[in-house]
Amino acid sequence: RARGGERARGRGVPGVAHPHDHHDHSSSSSSSSSSDRVSSAKIDAKMEVRFEKNCIGAIIGRRGSNVRRLANKTHTRIFVEYKESMTIVHAKGARDGLTKLLVALEAIAKTKPALTKFLGG
């Protein structure tokens with residue numbers, strides 16, 4: 001994929017998976033490690049958090065650095081979707097990891113989310 005083409009279409013950021021993609025872009029390794037299998041086994045809840053559109057840069061970080069750091073720190077899988085009017089963060093993981101992620105996202109965005117939904121777990 002051409003990175004410039006992805007950005008021009010507004011679909012994706014290097015290192016950040018788009019929720020409609022079926023590939024895990026958060027790992028640079030093409031094979032699944034044992035830690036990947038363990039963390040995927042712990043996924044028992046989902047969360048959707050909506051912020052104002054202008055929060056996307058702070059949430060993603062330079063070249064996806066914030067999202068990768070948050071995913072590693074909270075043991076969650078994070079997908080960022082941006083629409084015309086909002087930034088939507090989708091996450092999967094253990095409930096306690098999702099709660100930690102929500103607190104971290106609020107601190108990074110420097111605002112409360114417009115909407116937070118927990119699904120499952």
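Rundown of residues vs (1) modelled with pLDDT under 95; (2) under 19 Å from LYS117 (Cβ atoms), yes/no style:
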| site | (1), (2) |
| --- | --- |
| HIS22 | yes, no |
| SER30 | yes, no |
| GLU52 | yes, yes |
| THR74 | no, yes |
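Can you tell me which residues in the range 76-100 are farther than 11 Å from GLU48 by Cα and either of a type in the set (A, V, I, L, M, F, W, C) or not in a helix (DSSP H, G or I) (or both)?
Listed by number, the residues that qualify are THR76, ARG77, TYR82, LYS83, GLU84, SER85, MET86, GLY93, ALA94.
Filter the range 43-75 down to the residues that are open to solvent by less than 10 Å² (accessible area, probe 1.4 Å) and in a strand (DSSP E or B), then identify the one that is farthest from ILE108 (Cα to Cα).
ALA45
Condition check: modelled with pLDDT under 90 and either loosely packed, with under 11 Cβ neighbours inside 10 Å or out of contact with any Gly (no Cβ under 9 Å at 6 or more places or on another chain) (or both). Does HIS90 satisfy that?
So HIS90 does not fit the description; no.
Name the pairs: first residue in the range 105-121 and in a helix (DSSP H, G or I), second residue open to solvent by 50 Å² or more (accessible area, probe 1.4 Å), Cβ to Cβ under 7 Å, at least 6 apart or on different chains?
If the second residue must be open to solvent by 50 Å² or more (accessible area, probe 1.4 Å), the pairs left are GLU106/LYS112.
Scan the range 33-40 and tell me whether some residue there is aliphatic (A, V, I, L, M), open to solvent by 30 Å² or more (accessible area, probe 1.4 Å) and at pLDDT below 50.
Looking through the range 33-40, at least one residue is aliphatic (A, V, I, L, M), open to solvent by 30 Å² or more (accessible area, probe 1.4 Å) and at pLDDT below 50.
Within the range 75-89, track down each residue that is under 14 Å from the mean Cα position of the chain (by Cα) and over 19 Å from SER65 (Cβ atoms).
ILE88
The values are calculated or read from the model by the stated rules, or taken from the named source; none is laboratory data. Just so it is clear, the structure is predicted and the values come from calculations on it, not from any experiment. Counting neighbours? That spans all protein chains shown, and the Cβs are built from the backbone with ideal geometry, glycine included. Side chains included, ligands, DNA and RNA excluded: accessible areas come from the protein's heavy atoms. Shrake-Rupley method; radii C 1.70, N 1.55, O 1.52, S 1.80 Å.
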